[in-house]
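What follows is a set of notes on a single structure, which appears directly below.
The values are calculated or read from the model by the stated rules, or taken from the named source; none is laboratory data. Quantities reported herein were computed from a predicted structural model and do not represent experimental measurements. Here the Cβ is made from the backbone with ideal geometry for all residues, glycine too, and neighbour counts use every protein chain on show. The accessibility values were calculated without ligands, DNA or RNA, using every heavy atom of the protein model including side chains. Shrake-Rupley method; radii C 1.70, N 1.55, O 1.52, S 1.80 Å.
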Amino acid sequence: MLDWQDVSHDFALTTVLEDVNLNARPGKVLCLVGPSGCGKSTLLNMAAGLLDPTEGIVSNGFERTACVFQEHRLLPWRRALDNIGFGLKASGAKARNRRDQAAVLAQRMGLHEQDWTKFPHELSGGMRQRVSLARALAVDPDLLLLDEPFSALDVGLKRDLQGLVTGLIAERGLTAVFVTHDLSEAARLCHEIVVFAPSPGRIVHRHHLSQPHDERDDAFVFQTVAELMAIPEVDAAFRVDERLQTP
Amino acid sequence: MTFIKDTLAYVWSGWGPAASLLLFAALWEMGHQAYGSFILPSPIEAGQALISMFEDGSGQDAAVLTAQRAIGSFLAAGFLGSILGISAGLSRTAARAMRPVVTVLLGVPPISWIVLALLWFGLGGASAMFTVLVTVLPITFAGAMQGTLTIDRGLEDMARTYRTPFWMMLADVHLPHVLSYLFPAWITALGMAWKITVMAELLSTDDGIGGAMALTRTNLDMAGTLGLILLLLAMLLFVEYAVLEPVKRWMEPWRTPSKSLGGNAPKGF
């Protein structure tokens, strides 16, 4: 179980999170949704152990946590397979094992064999994100933290990768925390949607989805987004213009 | 097999630069025909003067001595500058404090260091080596410091999420980035090291290529002077293209332009 208990956080004099209570249940996909600057990524960084909250407790009971970031964060000086095997190398796996496991994952991610030995700058944006996802899955995580991993991709690629991630999560029975500012993405992927409002970041709404992933067609996604936007707190959280006008 | 193929491709890629150098030699020959041997001896005369220096043994002695001084001081400055630069880059405060010092040191003309070195160490090789060391060190220092300061925190965070051990963090995440700043600094430093060694030798010693040049100047031996310049350039090109460049390619394969990117991207010199 991953728990954020009474978490508040300040960056210098700005409070970015206020009194957040949240948990990620095993085998479920939790989505943190909200406009930019509402502290979603900060919560994820806390779960990854990269940041300690100013107040409150973050406890991560999962054995192996892996992250996929908005930018691919691949080492520019390592080839695709070596990048996939980075986490394995950090855990002390032997070179041959690393390469074998990385090759299996690269194949599963749909990377062609001729791309395995390429450096990140030789790969397209979609392929880099596949490599980054493969690197996270290589360590066989039980908790996957995804920080807007598809936001820089075009619509077609986004769909492909969303399908791939949903399939992998179901196949491996992973727990995932997914940060996004796109409600339709959340409606497509998650079991629980938690909506955040900014200044300071706080939870304004929680929504549970019981529909199986393979039954979530476009009509379901649009309807869920419409239902969510009909809730005044959610609607207010996404209204940038009004916020900007507030002194 | 790939190594042999890459090496052959690298050597083969030398034809282009060789053609440029031959064009330069042709222009030199034209200058010689216009002004005569006293003002500008021909490339062949300069080559013959150089060969005769090697025949009497003075050429080898001068080349070996200058190479020892230039490479010795370059290695010392490269090592010290890189270590100190990395240490300074680890702390933003130290980097901020060191930046004006580096600017001042880079701004001091090498010739004034030679005067100081002559006063401190007297005539001899030590003055030449000191001058090279003190002129070249800020270049490698600045490269290492800048490289360390610009380490990608995003990559570092990524590595931390995998609980990457200290040595792996250093070897896989930090060093490759710092090296991409260090190599250009080392190559600039090496080029300067040769030039300053000869200049310092000319003023402070009677041996090495600089000492030999002082002698050819006294004898108004233009062909000998040009021969020595050729020798110096040949040594510099050898160290840069036969040693440093292959080391760089071996350590930074990701910097080599790849065929998959531009089709005919240049791969050689």
Cα long-axis angle, helix B:175-204 against chain B (0 to 90 degrees, to the nearest 10): 20 degrees
Solvent exposure, largest accessible area first (probe 1.4 Å, DNA, RNA and ligands not counted), of B:Glu245, B:Glu201, A:Glu63: A:Glu63, B:Glu245, B:Glu201
For the range A:58-88 versus the range B:100-155, the gap between their alpha-carbon centres in whole angstrom: 40 Å
Other protein chain Cβ atoms within 10 Å, averaged over every residue that makes up A:69-79: 5
Charged-residue dipole, Cβ positions (Lys, Arg, Asp, Glu), the protein assembly as shown about Cα centre, Debye nearest 20: 640 debye
Cα pair distances of the protein assembly as shown binned at 10 Å [whole percent]: 3, 14, 19, 19, 14, 11, 9, 6, 3, 0
Cα gyration tensor, chain B - rounded (a/c under 1.5), prolate or oblate: oblate
Listed residues A:His121, A:His205, A:His191, most fluctuating in chain A (Gaussian network, C-alpha, under 10 Å): A:His121
Added length on full extension, which subtracts the Cα-Cα distance from 0.36 nm per residue, A:Thr54 to A:Asp217: 54.6 nm
Accessible heavy-atom area order of B:Tyr162, B:Tyr35, highest first, probe of 1.4 Å: B:Tyr35, B:Tyr162
Student exercise, the range B:133-239 dipole from Lys, Arg, Asp, Glu Cβ charges, in Debye to nearest 20: 240 debye
Highest average packing first - B:185-195, A:86-96, A:52-62, Cβ atoms within 10 Å: B:185-195, A:86-96, A:52-62
Simple spin-label estimate for A:Asp10 and A:Arg96 in nanometres, 7 Å along Cα-Cβ: 5.7 nm
The range B:46-252 - charge dipole about Cα centre, Lys and Arg +1 at Cβ, Asp and Glu -1, debye rounded to 20: 900 debye
Rough spin-label spacing in nm, given labels placed 7 Å along Cα→Cβ, for B:Leu119 and B:Phe3: 5.3 nm
Averaged over A:85-93, number of beta-carbon atoms from partner chains that fall within 10 Å: 4
Estimated inter-spin distance, B:Leu233 and A:Asp19, nm [label 7 Å along Cα→Cβ]: 7.8 nm
Computed P(r) (all Cα pairs; the range B:28-168; 5 Å bins; percent): 2, 9, 11, 12, 11, 11, 11, 10, 7, 6, 5, 3, 2, 1, 0
Solvent-accessible ranking of A:His181, A:His112, largest area first, probe 1.4 Å: A:His112, A:His181
Average beta carbon contacts from partner chains per residue of B:229-240, 10 Å cutoff: 0
